[in-house]
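S.K.: Pasting in a structure now, in structure tokens, and then I'll have a few things to ask.
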Amino acid sequence: MTSSEQLPVAGRADVRRAAAHLVRADRGAFALVLGLNALAALAGLAGPWLLGRIVDEVRAGGGVGTVDRMALAILLCSLAQLLLARWARYVGHRFGERTLARVRERFVDRALALPASVVERAGTGDLTTRGTADVSTVGTTLRDAGPDLLVNSVQALFLTAAVFVLDPLLGAVGVLGLTPVWFALRWYLRRARAGYLAEGAATSEVAESLAATVAGARTVEAFGLAGRRVTTNRQALEAARRTRFHTLYLRSVFFPAVEISYVVPVAGVLLLGGILHAQGSVTLGAVVASAVYLQQLAGPLDEVLVRVEQLQAGGASFARVEGLARAPRAATDDSPVPADDRIDVSAVRYAYGRGGEVLRGVDLTVRPGERLAVVGPSGAGKTTLSRLLAGVDAPTEGSVTVGGVPVVGLGPKRLRRQVVLVTQEHHVFLGTVRDNLVVAEPEATDEELWSALGAVGAEEWVRELPGGLGTELGGGGHRTDGSQAQQLALARVVLADPHTLILDEATALLDPTTARHTERALAAVLEGRTVIAIAHRLHTAHDADRVAVMEDGLLTELGTHDELVAAGGAYAALWGSWHGEPSAGPRTGTGTGTGTGTG
């Protein structure tokens, strides 16, 4: 997968606008965090100032009582600072968790709105990494880095201002001493965002490569591709390692430079302060207080720079999360309403990327309520046709319409009610059996759920589960095998009750007897609905109203089972091979019909 196939990444301006929107959504809590941090910083300023006063009072001959009173004041101010800072962090963490919830909800909404073709071209690894690792990084930033950055930024600002209040010249020396920090920060920021974006992209590549290897494990084993997949995974891991080492290099240069720079302002203030004190321009207490302020500045400033480093990682992750807003969107649900359920495929051509054409001018009409089987050798274009019929992809040329409306122009909800594609790829959600079914129809009753399970032959094994519909599936619960997971997917189809059902190897994981029973049960349940089956077992074609034969991207035969067997063409040869019998007659080319495919 190339980088051009990955989902978009939001720009800096988009990230700033998104962050501002999140702050405005909870502006009250954000303002409270700032206020509490300011009060905590003010309380923290009292300690060094009082320490300087103690020095001056002692030099002036002040008694023990004066020192004790100031020491008690220092203690009370420190306690106030501690309580205010803890309160600020508490409010900040709550703000971060609420904001993270908004980020997660918006991400899920955007991910669900993505066209299936966009997700497939990008790869599930990229989307999964954004929804897990990147969202988690954003959450850590919002919960920890954000509040801590506010707390320490306010403290650093107040400490710097306090030095200027004591003596402007000492304050100027302190600020000038921090100049190396500024240059180190600029060097780091110029490189950090690109580095972390590259690291995130490389992590997505690793996830995609591993997911593809696991999903295709049987194919890899069957074709002896283990060595090639290991090499591919190692290359992805090596690329990820290089990007991680690059960001580590940035940190290893940035932080030592900053740590050394902290000593410069303190040394400068002590040196200049000593000269000014010798001249009588400043008191010893002011010099001591200024040095302590600058020494204390190292703590919050160091924390600020650490959080800035985290913000670069968080900002890069946030850019990837927000990038979904720039991805193509599925059609809206205010799209035109199909006049009926008739599907028309007109002069359709299709090619994947830069490859050759998979479909080379297909014309077909599927009548409402018809059961159509599509057969043909591997690579003939059957699955590609099913994807076009379901609106997953748009044809390169020609059109695929339902009721006169382009299928790809239907909004997600209307499309799901109109056409549903079921493949051998299936998913069992973490949750109960009931949870796995009601995603298709949230208002379904338990009676309707049992009826759907019965229609696909799953009722018996579900009733044997300890909790029935309430049994937990997945990790820590009942682990479904491939056939059970496929039956759950088919039960969702029954509940969704679409006008047109497209089955592409949807029963491939079931044994032949169960598969045929399930297909016939589905046909009975979906009586009056259109069923298009990509048939790899020819008993499906035998039971269909019509059979369409695909060869090399073309529709070469169309008719009933008996008509095509009698014609002695490609279908007759397939049927003979299926039953181990010779073909019924010589091949006749297009058989009983081509053209619009209505015949």
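Per-residue answers, yes or no, for (1) in a helix (DSSP H, G or I); (2) more than 37 Å from the chain's Cα centre (by Cα):
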residue: ARG242; (1), (2): yes, no
residue: GLY274; (1), (2): yes, yes
residue: ALA316; (1), (2): yes, no
residue: PRO328; (1), (2): no, no
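S.K.: Same structure, new question: Would you pick out the residues in region 1-20 that are more than 17 Å from the chain's Cα centre (by Cα), at pLDDT 80 or above and part of a loop (DSSP other than H, G, I, E, B)?
M.R.: Across region 1-20, the qualifying residue is only GLY11.
S.K.: Where residues in region 204-238 are among the hydroxyl-bearing types (Ser, Thr, Tyr) and at pLDDT 85 or above, which of them is surrounded by the fewest Cβ atoms within 10 Å (Cβ to Cβ)?
M.R.: So, considering only residues that are among the hydroxyl-bearing types (Ser, Thr, Tyr) and at pLDDT 85 or above, the one surrounded by the fewest Cβ atoms within 10 Å (Cβ to Cβ) is THR231.
S.K.: Would you mind finding the one in ARG349, ARG416 that is in contact with a helix residue (DSSP H, G or I) (Cβ under 8 Å, 6 or more places away or on another chain) and surrounded by fewer than 23 Cβ atoms within 10 Å (Cβ to Cβ)?
M.R.: ARG416 is the lone residue from the list that is in contact with a helix residue (DSSP H, G or I) (Cβ under 8 Å, 6 or more places away or on another chain) and surrounded by fewer than 23 Cβ atoms within 10 Å (Cβ to Cβ).
S.K.: Also, I was wondering about something else. Taking helices (runs of 4 or more DSSP H) that fall entirely within region 80-193, which contain at least 1 residues that are among the charged types (D, E, K, R) and buried (at least 16 other Cβ atoms within 10 Å of the Cβ)?
M.R.: Where helices (runs of 4 or more DSSP H) fall fully within region 80-193 and carry at least 1 residues being among the charged types (D, E, K, R) and buried (at least 16 other Cβ atoms within 10 Å of the Cβ), they are 116-122, 124-129, 146-166.
S.K.: Give the number of residues within region 282-296 that are over 19 Å from VAL58 (Cα atoms) and either among the hydroxyl-bearing types (Ser, Thr, Tyr) or modelled with pLDDT under 75 (or both).
M.R.: Looking only at that region, the number is 3.
S.K.: Can you pull out the residues in region 388-412 that are at positive phi and in a loop (DSSP other than H, G, I, E, B)?
M.R.: Passing the criteria: GLY391, GLY403, GLY404.
S.K.: Among the candidates ALA508, ALA548, single out the residue that is within 30 Å of GLY361 (Cβ to Cβ) and modelled with pLDDT under 65.
M.R.: Exactly one residue qualifies, and that residue is ALA508.
S.K.: Can you tell me which residue among ALA331, ALA316 is of a type in the set (Gly, Ala, Ser), farther than 25 Å from PRO412 by Cβ and either modelled with pLDDT under 80 or in contact with a Gly (Cβ under 7 Å, 6 or more places away or on another chain) (or both)?
M.R.: ALA316
S.K.: Just one of (1) in contact (Cβ under 8 Å) with a residue 12 or more places away in the chain; (2) farther than 25 Å from ALA29 by Cβ trips up GLU97, so point out which.
M.R.: For GLU97, the failing item is (2).
The values are calculated or read from the model by the stated rules, or taken from the named source; none is laboratory data. Note that the coordinates shown come from a computational prediction; the quantities given were computed from them, not determined experimentally. All Cβ positions, even for glycine, are placed from backbone atoms using ideal geometry, and neighbour counts span all protein chains on display.
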